[in-house]
Amino acid sequence: MNDTAPEILRYTAFDVDGEGGNPAGVLLDARGMDDTRMQEIAAEVGFSETAFLTHDGGDGERRFRVRYFSPLAEVAFCGHATIATAVALAERQGTGDLRFLTPAGEIGVETRAANGRILATLTSVAPAVREAGDADLATALTALRWSAEDLDPRLPPRIANAGNDHLVLAASSRARLADLDYDQEALGDLMARRGWTTVHLVWQESETVFHARDPFPPGGVVEDPATGAAAAAFGGYLRTFGLVEPPARITIHQGEDMGRPSRLLVDVPPENGSGVRVSGTAALIPG
């Protein structure tokens with residue numbers, strides 16, 4: 001039995017010039033580690049997600065099996081932990097293309113040098129968008145302490161998926177988005193029953209600039225500072241409703257209202273069914 005403590009790297013992903021971002025744990029070698037131990041480590045780390053590389057392709061093939069755990073449960077896909085893991089690998093093995101085999105499907109990730117940093121770009125699985133049931137929408141609004149008048153009618157409520165489900169709700173004003181005071185137990189219960197990973201609350205500043213907040217009670221986190229999986233799903237949502245003219249790049253600002261400013265760059269290709277690209281940097285957390 002190997003009692004050596006695993007090396008846990010800590011990165012903040014989608015940071016802005018080294019500040020803010022969403023912290024993620026990264027274990028580059030979790031081979032032989034069982035589910036119970038991975039869940040224990042994720043709870044000990046305490047970040048919204050920790051990524052575990054459980055297999056590599058060998059012979060120089062940059063193909064890895066990756067699993068993601070929140071402090072409470074496994075998550076099929078996590079965007080910010082993917083970006084953090086890709087940057088960690090690039091810093092140790094050099095930049096280039098990576099393939100991540102995740103429970104949600106195979107994710108391609110490109111890493112390259114940009115302005116003295118490593119920029120990582122993931123390409124999601126094919127996004128999908130579907131209706132949100134009226135009863136579920138009413139329950140979510142009640143838990144958020146929002147009314148129907150708080151919604152922007154230009155961006156209808158929907159469930160968007162690019163690896164996991166997110167309820168997309170658009171706020172009618174920046175002030176409405178900034179005032180986040182929700183019933184965590186009620187919203188968490190609804191999300192657990194429906195299998196939603198986050199609620200993706202957005203406000204549209206311009207045609208290509210959005211602000212977002214993501215309650216994440218199923219993971220034991222009140223709010224996510226940067227949610228790459230939701231950003232990819234939202235890119236598919238925008239394409240479905242013709243709200244952008246692809247190919248298009250949108251910028252999502254997240255985490256500002258919680259003091260962790262984050263920037264996510266989302267590239268939406270024109271082909272229906274094609275994955276959405278989400279880019280960002282990641283910075284090693286000292287200590």
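The values are calculated or read from the model by the stated rules, or taken from the named source; none is laboratory data. Quick caveat: nothing in here was measured; it's all calculated off a predicted structure. As a convention, Cβ positions derive from the backbone with ideal geometry for all residues, glycine included, and neighbour counts pool all protein chains shown. Ligands, DNA and RNA are stripped out before the accessible areas are found, and what is left, the full protein with its side chains, is counted by its heavy atoms. Shrake-Rupley method; radii C 1.70, N 1.55, O 1.52, S 1.80 Å.
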| Rg over Rh [alpha-carbon atoms, Kirkwood Rh] for the range 139-184 | 0.97
| What is the chain's relative contact order, in percent, from Cα pairs under 8 angstrom and six or more apart in sequence? | 20 percent
| note | LEU72 and ASP189 label points (each 7 Å along its Cα→Cβ direction) are spaced in nm at 1.3 nm
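Take every Cα-Cα pair in the range 1-98 and report what % of them are more than 18 Å apart.
43 percent
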| said: So for the range 87-217, considering every pair of alpha-carbon atoms, how many percent are separated by more than 18 Å? | reply: 61 percent
| remark: Ranked output for segments 173-181, 12-20 by mean other Cβ atoms within 10 Å, highest leading, reads 12-20, 173-181
| field | the range 9-63: C-alpha gyration tensor shape, a/c 1.5 cut-off, then a/b vs b/c | value | oblate
| task | Taking only protein heavy atoms into account and a 1.4 Å probe, give the accessible area per residue of the chain in Å². | result | 42 Å²
| About the Cα centre, charge dipole magnitude for the range 194-250 (Lys/Arg +1, Asp/Glu -1 at Cβ), debye | 180 debye
| field | Dimensionless Rg/Rh of the range 156-225 - Kirkwood Rh, Rg from C-alpha atoms | value | 0.96
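Translational diffusion coefficient, Stokes-Einstein: compute it for the chain using the Kirkwood radius over C-alpha pairs as Rh, at 10 °C and 1.306 mPa s, and state it as an integer in µm² s⁻¹.
Reported coefficient: 85 µm²/s.
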| Packing-based ranking, highest mean first, of 121-134, 67-80, 227-240 given that Cβ atoms within 10 Å are counted | 227-240, 67-80, 121-134
| message | Below 8 Å, C-alpha to C-alpha, sequence gap of six or more: please give me the relative contact order for the range 144-287 in percent. | response | 18 percent
| said: Less than 18 Å from a label point 7 Å out along the Cα-to-Cβ axis of ALA135: which backbone N atoms in the range 143-158 qualify, by residue? | reply: 143
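Based on Cβ point charges of +1 for Lys and Arg and -1 for Asp and Glu, what charge dipole magnitude is obtained for the chain about its Cα centre, in debye rounded to the nearest 20?
Charge dipole, the chain, about its Cα centre: 600 debye, nearest 20.
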